[in-house]
Amino acid sequence: MGKVSFMPEAWQEGGGLWNNVDVRFTNCRFESEWTAGGKRQASPAFVSDLVFIDDASVNEAGWSLGSTKDYQASADGVKPAATGDYVVGAAARKSSNFYFLVTSMIEALPDATKAEDMERILGEGAASAWNGMEAHIIRQTVEREGLEKKKNAQGKEMDFTVPVIDSILKVPGGKKAAPGTKTPAKAGAKAGAEAPNMDEAARAKVNEVLDANGGSMIRTALAQAAFKATADAKLKQPLAKLIYEKAWLTAQSEAGGWTFDAETDTVTKGGGEEAEFVPE
């Protein structure tokens with residue numbers, strides 16, 4: 001086994017749910033046998049204790065690398081270990097969850113310093129190089145050949161999704177991104193304009209997205225679709241974040257004209273649990 005490289009040219013083809021949140025990557029490491037809350041078969045993964053910037057809560061997240069026979073964590077990049085700063089094994093594969101995280105991070109890096117930042121974060125293959133990164137995370141729907149999708153209570157197939165980086169707020173060892181508007185309300189106050197009614201705007205967006213998707217959607221998919229369907233960059237995050245909240249969906253159901261089934265995690269107009277991307 002050799003130390004695995006995560007630079008773009010090294011990837012090969014083959015063999016905890018968070019969405020719309022600002023996080024800080026801390027205590028990043030590789031684990032040889034990581035499980036998503038003990039619910040899935042153990043697999044080698046890149047793992048981070050994510051600090052949610054809004055409320056300082058900490059949640060462990062992992063992105064699988066493949067199978068235990070192909071990859072193991074390593075403290076020195078040579079000998080396998082239960083956990084470590086490196087991973088040893090086969091060449092990194094484009095079918096893994098970690099690939100989607102890495103490629104999304106690369107796309108989000110500022111163009112002016114992309115090459116330099118990539119070398120600093122990925123060049124040595126060290127998980128600790130991610131420590132201190134602050135980013136906005138969404139869930140990306142991916143197609144996985146050979147895996148059968150689960151169905152919700154209504155019989156609708158549930159997509160496989162992976163948490164990925166939508167935008168970078170601060171690169172490890174670098175400065176924070178130029179300060180921007182955190183919420184539309186602050187934008188209105190600063191400009192002297194009237195802030196939009198967020199509940200009203202979010203209700204309209206929920207109905208718009210439901211109408212375009214058959215009238216019923218898993219909550220996570222609904223929030224992600226709302227994010228993509230919002231043209232105003234300043235409204236994308238706050239609207240999607242509001243729509244993702246279970247309490248808000250329940251409280252606004254009558255005014256919005258929908259029902260929210262907490263058991264199936266499904267929002268239906270007029271009136272499930274989303275499948276997590278399974279490690280290969």
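Assuming 0.36 nm per residue, please report the length gained on full extension of the stretch Thr259 to Thr35 beyond their Cα-Cα distance.
This chain segment gains 77.4 nm when fully extended.
At 0.36 nm per residue, and after removing the present C-alpha to C-alpha distance, how many nm does the segment from Ala42 to Glu116 gain when stretched out fully?
Length difference between fully extended and current span is 23.2 nm.
With the Cα gyration tensor of region 34-98 giving a ≥ b ≥ c as the square roots of its eigenvalues, does the rule (a/c under 1.5 for rounded; else a/b larger than b/c for prolate; else oblate) give rounded, prolate or oblate?
Judged from the Cα gyration tensor, region 34-98 comes out prolate (a/c at least 1.5, a/b above b/c).
Step by step: find N for region 83-127, compute 2.2 N^0.38 Å, then divide the Cα radius of gyration by it. What's the final number?
Cα-based Rg divided by the globular estimate yields 1.24.
How many nm separate the modelled label positions at Asp49 and Met7, each set 7 Å beyond the Cα in the direction of the Cβ?
3.2 nm
So for the pair Glu245, Asn207, with labels modelled 7 Å out along Cα→Cβ, what separation do we get in nm?
2.1 nm
Between Asn197 and Thr103, how many nm apart are label points set 7 Å from Cα along the C-beta direction?
Result for the modelled spin labels: 4.3 nm.
Extension gain Lys79-Thr26, at 0.36 nm per residue separation less the Cα-Cα distance, in nm?
16.7 nm
Each value in this text was obtained by applying a stated rule to the coordinates, not by laboratory testing. No experiment lies behind these values; they were computed from the predicted model shown. Note that each Cβ is placed from the backbone with ideal geometry, even for glycine, and that neighbours are counted across all protein chains shown.
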